[in-house]
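As structure tokens, the structure follows; a few thoughts come after it.
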There are 2 protein chains.
Amino acid sequence: MANIRDVAKQAGVSVTTVSRVLNDHPYVTQEKRLAVEKAMEELGYHQNINAIHLSKGETRLLGVAVPFINHSYFSTLLNGIADRALVRDYNLVFYQTNYQKGEESKALEALKRKQIDGLMILSRASDWNSVEAYQEFGPLVVCESSEHTRIPCVSVDHYEAFRYGMRYIIDKGHRHIGYCIGRRTGTNSSLREKAYCEELEYIGEPYRKSWVFNNCLTIEDGKRVVNEYVSLKEKPSALLITSDQVAAGFRMEAEKRGIRVPHDVAILGFDNHPIAEALDLTTIELPLHEVGMSLVEKVSSKNPSSAIYPFELVERGSV
Amino acid sequence: MANIRDVAKQAGVSVTTVSRVLNDHPYVTQEKRLAVEKAMEELGYHQNINAIHLSKGETRLLGVAVPFINHSYFSTLLNGIADRALVRDYNLVFYQTNYQKGEESKALEALKRKQIDGLMILSRASDWNSVEAYQEFGPLVVCESSEHTRIPCVSVDHYEAFRYGMRYIIDKGHRHIGYCIGRRTGTNSSLREKAYCEELEYIGEPYRKSWVFNNCLTIEDGKRVVNEYVSLKEKPSALLITSDQVAAGFRMEAEKRGIRVPHDVAILGFDNHPIAEALDLTTIELPLHEVGMSLVEKVSSKNPSSAIYPFELVERGSV
DNA sequence: GCTTGCTATGAAACGCGTTTCATACCCTAT
DNA sequence: ATAGGGTATGAAACGCGTTTCATAGCAAGC
């Protein structure tokens with residue numbers, strides 16, 4: 001396969017001139033430009049991108065570390081990321097971590113080794129210190145609502161959103177409130193746990209372990225929660241459900257069993273995914289597409305800053 | 001930043017020896033190996049991946065061209081792809097095309113310029129000829145059920161699946177059958193159109209343009225179809241809906257309006273997404289996760305071959 | 001007439017790891 | 001004693017585009 005030197009020889013010019021033509025630099029006469037283009041054509045030349053990367057020290061590649069993709073929360077974020085990456089002329093490299101530290105480190109290592117120009121971590125598995133250690137190798141943004149001072153975070157204020165949801169449900173007269181969460185670890189989850197506990201305290205209710213449902217990510221999980229719910233001796237009268245998917249699964253399964261929403265149990269979803277509208281779920285809208293776009297903006301700047309995006313309650317008929 | 005030559009100097013060995021240590025090649029004495037490791041430690045050395053890529057002529061990167069990701073069809077495929085890429089030690093580069101030829105060409109160009117070792121096209125926008133022209137630059141697989149002889153295709157047999165669905169509905173006694181499709185162009189879609197027409201002919205029914213609903217991708221689209229459906233003068237008694245999302249939207253909206261499924265209108269979904277189970281939708285299960293894994297297997301082999309995956313009817317309560 | 005300052009062009013260095021090839025030592029088999 | 005074969009090591013070439021620096025011609029400005 002022909003390289004730039006072959007082209008130069010064929011066109012009777014120097015390698016530098018060919019490079020100038022390739023990069024639209026000035027100071028090339030029309031005559032030589034044409035000669036170079038002709039030579040490229042004849043030899044079927046095309047640039048080797050890896051040589052460019054090596055030489056320029058950048059790849060126009062941004063990394064995205066994400067636990068898995070077939071979940072609307074992440075795929076909506078990703079959509080925002082992809083849309084903005086497109087206009088910023090970046091391509092995306094994908095690190096599916098399944099929440100495994102090992103896989104996440106691979107993404108961090110890629111940053112270190114200059115495979116990517118920046119990294120977005122959509123849901124962090126490693127501890128802050130390991131992440132911070134990689135900051136010197138390139139811009140890095142984490143998508144969680146932490147107020148970490150040294151690592152930029154772009155997200156929705158999950159603490160406030162959850163608190164707001166709690167207040168809304170409390171204002172509706174509920175005292176017995178449970179919630180469903182994706183996983184227990186992670187900043188976002190502990191912030192919600194914190195908000196949950198504080199609001200319970202505020203209304204003078206105890207924390208009931210059996211009212212907190214873990215591992216809730218999918219529609220099926222929502223159905224599973226209904227099973228757990230019916231078998232509870234003492235039942236909550238309302239549930240906050242941190243994903244509309246799960247809330248949808250819950251509502252569908254509940255009504256199949258004759259449990260009426262919101263009459264028997266009120267549910268409040270999160271995300272405002274289309275499924276929430278379809279099932280008439282009251283939900284807290286999170287601007288995930290925007291957050292995704294913002295992640296790209298931040299990570300493609302020299303000095304990324306943090307940003308918090310606003311949420312909005314969408315009242316429908318499930319509370 | 002230190003490079004391999006600095007390490008060699010510091011350790012008092014040759015560059016070759018350092019490279020041997022880095023790549024676990026034999027023929028390095030323990031003594032030198034330790035010296036090299038010590039030097040790397042002291043200098044904070046790490047390999048520049050772009051130099052490796054340039055030198056090796058491969059990147060361990062596979063490209064995925066996909067119109068958009070926040071749709072379960074693609075995100076399920078992607079999940080399969082990501083899972084298999086992980087075990088095959090590939091990373092993924094993402095080209096979100098929005099069905100624009102320009103974006104798809106970027107992916108093809110990336111293959112040509114050796115940015116990626118192979119390319120998977122999940123839904124093709126360009127014509128076969130342009131795709132074929134890039135085959136010489138690396139392995140390339142298209143995810144559609146075409147029987148193209150020169151380009152490997154991995155997919156479900158969409159023609160057969162649709163035909164099977166038609167027969168199933170016909171066997172249930174329906175004669176007035178419509179369908180919903182994502183987009184009209186594209187192999188998969190025309191195959192379904194073909195199956196549709198053939199089966200209509202088989203039962204001696206005319207093709208009614210108003211019974212074919214286009215641009216059906218999301219839950220909202222399913223709701224929209226209900227609107228169009230109710231305004232039809234002559235209504236189909238059954239619909240094939242090529243995505244469970246859309247079928248779900250249809251069923252929810254229909255029942256909200258007092259249209260009973262399957263009594264007033266029967267619907268048959270495709271994919272067997274969790275939402276289908278939740279809404280008791282009869283559907284044709286497509287093994288998309290497996291197809292995704294297979295795409296990676298094919299594209300990471302020297303000579304990719306085609307493969308067709310089987311579908312399966314899942315009988316529930318919507319037909 | 002002489003200095004500035006563009007325009008135009010190319011040689012060479014640079015980014016950096018891998019791989020080939022040559023060399024040298026030491027031990028075993030004949 | 002000698003050929004053969006494995007172990008160990010390094011110089012140099014290779015993959016390839018970009019960028020710096022030096023050079024030279026030519027025109028405008030004083």
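Restricted to segment A:236-319, the set of helices (runs of 4 or more DSSP H) holding at least 1 residues that are more than 20 Å from A:Arg183 (Cβ to Cβ) and among the β-branched types (Val, Ile, Thr) comprises A:274-278, A:288-299. Restricting attention to segment A:1-18, the residues that are within 30 Å of A:Asp117 (Cβ to Cβ), within 9 Å of DNA strand C (Cβ to nearest atom) and buried (at least 17 other Cβ atoms within 10 Å of the Cβ) total 3. Residues of segment A:19-45 that are within 9 Å of DNA strand C (Cβ to nearest atom) and among the polar types (S, T, N, Q): A:Ser19, A:Thr29, A:Gln30.
Does B:Glu136 satisfy the condition of being surrounded by fewer than 19 Cβ atoms within 10 Å (Cβ to Cβ) and either out of contact with any strand residue (DSSP E or B) (no Cβ under 6 Å at 6 or more places or on another chain) or not polar (S, T, N, Q) (or both)? When the stated conditions are applied, B:Glu136 passes them.
The residues in segment A:1-37 that are polar (S, T, N, Q) and near DNA strand D (Cβ under 10 Å from one of its atoms) can be counted, and the count is 6. Within the set A:Gly317, A:Gly269, A:Gly292, the sole residue that is over 13 Å from the mean Cα position of the chain (by Cα) and at pLDDT 95 or above turns out to be A:Gly269. Among the conditions (1) farther than 28 Å from B:Trp211 by Cβ; (2) basic (Lys, Arg); (3) surrounded by fewer than 16 Cβ atoms within 10 Å (Cβ to Cβ), B:Lys298 misses just one, which is (3).
Considering B:Phe68, B:Phe94, the condition of being aromatic (Phe, Trp, Tyr), more than 16 Å from DNA strand C (Cβ to nearest atom), at the interface with chain A (Cβ under 7 Å from one of its Cβ atoms) and closer than 16 Å to A:Tyr95 by Cα is satisfied by B:Phe94 alone.
From the list B:Val265, B:Val291, B:Val261, exactly one residue is touching a Leu at 6+ places or on another chain (Cβ under 9 Å), in contact (Cβ under 8 Å) with a residue 40 or more places away in the chain and farther than 26 Å from B:Glu144 by Cα. Which is it? Before the answer, list the steps.
Details: B:Val265 fails: in contact (Cβ under 8 Å) with a residue 40 or more places away in the chain; B:Val291 fails: farther than 26 Å from B:Glu144 by Cα.
Within the list B:Val265, B:Val291, B:Val261, the selection yields B:Val261.
Kindly indicate whether A:Ala110 is facing chain B (nearest Cβ under 10 Å) and not in a loop (DSSP other than H, G, I, E, B).
yes
Here B:Val226, B:Val212, B:Val265 are screened, and the one residue that is over 21 Å from B:Asn79 (Cα atoms), within 14 Å of chain A (Cβ to nearest Cβ) and β-branched (Val, Ile, Thr) is B:Val226.
Looking only at residues in segment A:113-132 that are modelled with pLDDT of 90 or more and within 12 Å of chain B (Cβ to nearest Cβ), the one that is farthest from the chain's Cα centre (by Cα) is A:Gln115. Annotation: of all residues in segment B:38-48 being within 14 Å of chain A (Cβ to nearest Cβ) and within 13 Å of DNA strand D (Cβ to nearest atom), the one that is surrounded by the fewest Cβ atoms within 10 Å (Cβ to Cβ) is B:Gln47.
Among residues of segment A:14-25 that are more than 13 Å from A:Asn3 (Cα to Cα), those with a Cβ under 8 angstrom from a residue that is within 7 Å of DNA strand C (Cβ to nearest atom) and hydrophobic (A, V, I, L, M, F, W, C), sequence gap 6+ or separate chain, pair up as A:Thr17/A:Val28; A:Arg20/A:Val28; A:Val21/A:Val28. Within the set B:Ala35, B:Ala85, B:Ala51, the sole residue that is more than 10 Å from chain A (Cβ to nearest Cβ) and touching a helix residue (DSSP H, G or I) at 6+ places or on another chain (Cβ under 7 Å) turns out to be B:Ala35.
The values are calculated or read from the model by the stated rules, or taken from the named source; none is laboratory data. Worth saying up front: this structure is predicted, and the values here are computed from it rather than measured. Glycine also receives a Cβ, built like all others from the backbone with ideal geometry; neighbour counts cover every protein chain displayed.
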